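Step one of this worksheet: look at the structure below.
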Amino acid sequence: MEQEGRETFSVICVTQTRVTSALGCAGKSLCATQKKTVYPFPYNPHTNTINLPAQIERELRRLISTGNKAEAMKRVISLTGAGLRVSKYYVDTLAKLH
């Protein structure tokens, strides 16, 4: 399809988990590849709840007991994709139960 001497075409980009479509003109690709991270234990964003296996909770409790709360929070974030606030609340709750 030509409009005013420019050819318009559709470009489809496939990443590991998402397909994005973009429009380009005259050979220029405007495709932006976006990768969606898949977390092994995703948290529920509607209820802000995190459910982790007992083995991982033991590992987190060990980190907390040695004074590495920040490292425990990083681990929760990397496993669940939860934000800082939710992860901190989870780690603080584990610390109180310990």
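Any read-out appearing in this document is the output of simple, stated calculations on the displayed coordinates, not a laboratory observation. In this text the structure is predicted, and so the values were computed from the model without any measurement. Note that each Cβ is placed from the backbone with ideal geometry, even for glycine, and that neighbours are counted across all protein chains shown.
Separation of the alpha carbons by more than 27 angstrom is noted, of Lys36/Lys96; Lys35/Lys74; Lys36/Lys88, for Lys36/Lys96.
Just add up the charged neighbours of Phe41: K/R +1, D/E -1, any other residue whose Cβ is under 14 Å from the Cβ of Phe41. Don't skip to the answer; put the middle values down first.
Working: positive: Arg75; negative: Glu57, Glu59.
Once all neighbours under 14 Å are counted, the net charge is -1.
Can you give the net charge of the other residues whose Cβ lies under 13 Å from the Cβ of Ile77, counting K and R as +1 and D and E as -1? Charge balance in the 13 Å sphere: +4.
Quick one: which of 44-53, 65-74 comes out on top by average Cβ neighbours within 10 Å, and what's the full order, highest first?
Details: 44-53: 12.3, 65-74: 14.7.
The densest-packed peptide leads the list: 65-74, 44-53.
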